[in-house]
Amino acid sequence: MSVADGIGWAATALFAASYLVRDPRRLRLVQAGAALVWIAYGVLLGAAPVIGANAAVASIALLSLRRTGGQKETK
């Protein structure tokens, strides 16, 4: 397996794990982390669409986290 393949599989695992996260704050952190790993994958492949799409996802996840003050969901 190549380094790029390993990074792609790691990004896939993080993305899939995000479906198991219930706390909105942690969800945004996992989403942003997965997007950053996808960006690394895109850079290695020279895939601008992968880089651009995941830069948007990471930015939105972090902006959403910042906008809510990183607060946990209240019941």
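The values are calculated or read from the model by the stated rules, or taken from the named source; none is laboratory data. Note that the coordinates shown come from a computational prediction; the quantities given were computed from them, not determined experimentally. Neighbour counts run over all protein chains shown; Cβ positions are idealised from the backbone, glycine included.
Across segment 39-48, not a single residue is classified as touching a helix residue (DSSP H, G or I) at 6+ places or on another chain (Cβ under 8 Å) and either farther than 26 Å from Val3 by Cβ or of a type in the set (S, T, N, Q) (or both). Tell me, please, whether a residue that is more than 9 Å from the chain's Cα centre (by Cα) and of a type in the set (Gly, Ala, Ser) can be found in segment 14-22. Scanning segment 14-22 turns up at least one residue that is more than 9 Å from the chain's Cα centre (by Cα) and of a type in the set (Gly, Ala, Ser). Considering (1) within 10 Å of the chain's Cα centre (by Cα); (2) in contact (Cβ under 8 Å) with a residue 40 or more places away in the chain, the lone condition that Ala32 does not fulfil carries the number (2). Just to verify a result, which residue in segment 4-28, among those that are assigned to a helix (DSSP H, G or I) and touching a Leu at 6+ places or on another chain (Cβ under 7 Å), is farthest from Gly69 (Cα to Cα)? Restricting to residues being assigned to a helix (DSSP H, G or I) and touching a Leu at 6+ places or on another chain (Cβ under 7 Å), the top hit is Ala4.
A residue that is part of a helix (DSSP H, G or I), loosely packed, with under 12 Cβ neighbours inside 10 Å and not acidic (Asp, Glu) occurs nowhere in segment 33-43. Here's a check for you: in segment 53-75, which residue that is modelled with pLDDT of 95 or more and not hydrophobic (A, V, I, L, M, F, W, C) is surrounded by the most Cβ atoms within 10 Å (Cβ to Cβ)? Here the answer is Asn54. One residue stands out in segment 44-71 among those that are hydroxyl-bearing (Ser, Thr, Tyr) and assigned to a helix (DSSP H, G or I): the one that is nearest to the chain's Cα centre (by Cα), namely Ser59.
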